[in-house]
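*Asks:* Quick one: this structure, given as structure tokens, is what I'll be asking you about.
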Amino acid sequence: MNLDEAFLERLKTANSIVFFTGAGISAESGIPTFRGKDGIWNKLKPEELANFNAFLKNPDMVWEWYQHRRTIIHETGPNPAHYAIANFENYYDDVSVVTQNVDNLHGRAGSSHIYELHGNIERNFCVDCKTDYDDSKIDLSNKQVPKCEECGGLIRPDVVWFGEMLPQLVFANAQRKAEQSDICFVVGTSAVIYPAAYIPIEAKRHGSYLVEINIEETEISSYVDCSLFGKAGEIMPVILDQIKQLKNY
Ligand code: BJW
Ligand code: ZN
């Protein structure tokens, strides 16, 4: 793979790197994406599952969908793309991962600075009294939504559904990192969900060099400085090798 000169120059001189990641980075770990030809939402409509009213109307159905995804996530692990990103910390002072994913695979791969914009499937809380229930307290074999031990309320995953606010401090800090970045990699996301999709836009507006890694064109392809089309698990390790050569390690 030939990387263009401007990108190589940035890789040489950059201090601060941001990765903005989406479901596509975990596809090679066997976790289905939301949209696109293999997306789960070709079969299941997002509005029926990823919003609070849907949960109140049919809690067991929504819970079962999350249990299904939890099981896949438990049984798999990070892939070469997650590991390559974690490895960037050996070559740059300031590396941040801003992810829309709830699967914690960046954490399991060893990345240190992760901003989870849409929450984390390993955490849950009671919709009434807000008591936290982490994954260790959730029985994966139970398809029915569990009830709170304190008040009997429904327990929901600690993720951000449509119409809900993103965690404000996490988003503000992620935005600051994007604005300060020298390179922003946009990896495996369709970049259609807002406000998350403002992250790369803000990065570029503040002078960051935008590099997209995706198997196909997306909403942001015409806006980025460089598009690398292919699987994240194949492309990210190649970029890391280039960095090793550039830095003579
Ligand atoms: C590969 C690959 C391989 C495959 N290698 N690549 C403008 C401003 C602000 C808000 C809005 C706005 N316009 C509309 C809104 C509202 C709404 C929104 O964005 N709607 C859109 C339909 C337009 N946004 C919201 O509701 C947000 N909240 C909000 O705005 O609050 C403010 C507010 C509150 C109250 C009142 C009024 C305003 C919240 C959005 C929450 C999204 N939540 C979900 C579910 C999370 C929990 C869960 O996981 O179950 O987040 S939806 C889903 O989409 C999930 C994802 O994080 C998110 C993004 O998807 P992603 O990651 O991009 O996945 P895909 O499948 O779309 O793409 C995969 C890509 O990978 C593809 O491109 C493939 O090609 C690629 N790929 N294999 C590399 N191997
Ligand atoms: Zn409760």
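The values are calculated or read from the model by the stated rules, or taken from the named source; none is laboratory data. Quantities reported herein were computed from a predicted structural model and do not represent experimental measurements. Every residue, glycine as well, gets a Cβ built from its backbone with ideal geometry; the counts of neighbours run over all protein chains shown. Protein only, heavy atoms only, side chains kept; ligands, DNA and RNA dropped before computing areas. Shrake-Rupley method; radii C 1.70, N 1.55, O 1.52, S 1.80 Å.
*Asks:* Which percent, to the nearest 5, of DSSP beta bridges fully inside the stretch 72-227 are antiparallel? Please report the intermediate quantities before stating the final value.
*Replies:* Numbers: 9 of 19 bridges.
Within the stretch 72-227, antiparallel bridges account for around 45 percent of the total.
*Asks:* Only sites in a loop by DSSP and with at most 15 other Cβ atoms within 10 Å count here; which chymotrypsin sites (Phe, Trp or Tyr not before Pro) in the stretch 81-183 make the cut? Walk me through the numbers on the way to the answer.
*Replies:* Values: sites: Tyr83, Phe88, Tyr91, Tyr92, Tyr115, Phe125, Tyr133, Trp161, Phe162, Phe171; in loops: Tyr91, Tyr92, Trp161, Phe162.
The qualifying sites are Phe162.
*Asks:* How large is the convex hull of the C-alpha atoms of the stretch 1-96 per residue, in Å³?
*Replies:* Once divided by residue count, the hull of the stretch 1-96 is 148 Å³.
*Asks:* Once amide H atoms are built 1.01 Å from N in the peptide plane, which residues 5 or more positions from Val186, or in another chain, come under 5 Å H to H?
*Replies:* HN-HN under 5 Å from Val186: Phe20, Val211, Glu212, Ile213.
*Asks:* Give a residue-ordered list of calculated ³J(HN,Hα) values for the stretch 203-208 (Karplus: 6.51 cos²θ - 1.76 cosθ + 1.60, θ = phi - 60°; whole Hz; x for Gly, Pro).
*Replies:* These are the phi-based 3J(HN,Hα) values: 4, 5, 4, 9, x, 6 Hz.
*Asks:* Normalised by the number of residues in the stretch 1-143, what is the relative contact order in percent for Cα pairs under 8 Å and 6+ residues apart? It would help to have the intermediate numbers written out before the result.
*Replies:* On the way: 172 pairs, mean separation 34.2, N = 143.
Averaging sequence separation for qualifying contacts and normalising by length gives 24 percent for the stretch 1-143.
*Asks:* By its C-alpha gyration tensor, with a ≥ b ≥ c as the square roots of the eigenvalues, how is the stretch 151-212 shaped: rounded for a/c under 1.5, else prolate for a/b larger than b/c, else oblate?
*Replies:* Details: a/c = 3.24, a/b = 2.25, b/c = 1.44.
Verdict is prolate for the stretch 151-212.
*Asks:* Would you please name the GluC sites (Glu not before Pro) within the stretch 146-192 that are DSSP coil residues with at most 13 other C-beta atoms within 10 Å of their C-beta?
*Replies:* Values: sites: Glu149, Glu150, Glu164, Glu179; in loops: Glu149, Glu150, Glu164.
Filter output for the stretch 146-192: Glu149, Glu150, Glu164.
*Asks:* Using a 1.4 angstrom probe, figure out how much accessible area the stretch 107-231 has per residue, in square angstrom, rounded to the nearest whole.
*Replies:* Numbers: 6100 Å² over 125 residues.
Here the per-residue accessible area is 49 Å².
*Asks:* Additional query: Please compute the contact order of the stretch 85-197 in relative form: average sequence separation of alpha-carbon pairs under 8 Å and at least six residues apart, divided by the residue count, as a percent.
*Replies:* On the way: 142 pairs, mean separation 25.0, N = 113.
It rounds to 22 percent for the stretch 85-197.
*Asks:* Right, something else. I want to verify the translational diffusion coefficient of the stretch 44-130 in µm²/s; compute it with Stokes-Einstein, Rh as the Kirkwood radius over Cα pairs, at 25 °C and 0.890 mPa s. Provide the component values of the computation, followed by the final result.
*Replies:* Working: Rh = 14.8 Å.
Translational D for this selection: 166 µm²/s.
*Asks:* Per residue Cα convex hull volume for the chain, in cubic angstrom? Walk me through the numbers on the way to the answer.
*Replies:* Details: hull volume 30.0 nm³, N = 249.
Spread over its residues, the Cα hull of the chain gives 121 Å³ apiece.
*Asks:* Percent relative contact order of the chain, based on C-alpha pairs within less than 8 angstrom and at least six residues apart?
*Replies:* Details: 450 pairs, mean separation 58.8, N = 249.
Taking the mean separation of contacting Cα pairs over the length of the chain, I get 24 percent.
*Asks:* Sticking with this structure for a sec: Mind jotting down the three principal axis lengths of the stretch 70-111 based on Cα atoms? Whole angstrom, largest first.
*Replies:* Each principal axis gives a Cα extent; for the stretch 70-111 these are 35, 18, 12 Å.
*Asks:* Classify the stretch 186-249: rounded, prolate or oblate, from the alpha-carbon gyration tensor (a ≥ b ≥ c, eigenvalue square roots; a/c under 1.5 rounded; otherwise prolate if a/b is larger than b/c)? Each step should come with its number before you reach the end.
*Replies:* Numbers: a/c = 2.53, a/b = 1.53, b/c = 1.65.
Oblate is the answer for the stretch 186-249, as a/c is 1.5 or above yet b/c matches or exceeds a/b.
*Asks:* Sequence neighbours fewer than 8 away in the same chain don't count; with that in mind, list the aspartates and glutamates whose C-alpha is under 13 Å from Lys143.
*Replies:* Filter leaves Asp60, Glu64.
*Asks:* While we're here: Calculate the all-directions average of the projected area of the stretch 92-199's alpha-carbon convex hull, and give it in nm².
*Replies:* The number I arrive at for the stretch 92-199 is 8.3 nm².
*Asks:* Among Asn142, Asn173, Asn101, which one shows the highest mean-square fluctuation when the chain is modelled as a Gaussian network with alpha-carbon springs under 10 Å?
*Replies:* Among Asn142, Asn173, Asn101, the largest mean-square fluctuation in the Gaussian network model of the chain belongs to Asn142.
*Asks:* Can you pull out the trypsin sites (Lys or Arg not before Pro) in the stretch 1-86 whose DSSP state is coil and whose Cβ has at most 10 other Cβ atoms within 10 Å? Write out the running numbers ahead of the final one.
*Replies:* Working: sites: Arg10, Lys12, Arg35, Lys37, Lys43, Lys57, Arg69, Arg70; in loops: Arg35, Lys37, Lys43.
Of the trypsin sites (Lys or Arg not before Pro), the ones in loops of the stretch 1-86 whose Cβ has at most 10 other Cβ atoms within 10 Å are Lys37, Lys43.
*Asks:* Tally up the carbon and sulfur contribution to the accessible surface of the chain as a whole percent, 1.4 Å probe, everything protein left in place.
*Replies:* Values: 5610 of 11820 Å².
Answer for the chain is 47 percent, counting heavy atoms of protein chains only.
*Asks:* Compute the length gained on full extension between Val192 and Ser112: take 0.36 nm times their separation in residues and subtract their Cα-Cα distance, giving the result in nm to one decimal.
*Replies:* Working: separation 80, 0.36 × 80 = 28.80 nm, distance 2.65 nm.
Full extension from Val192 to Ser112 adds 26.2 nm.
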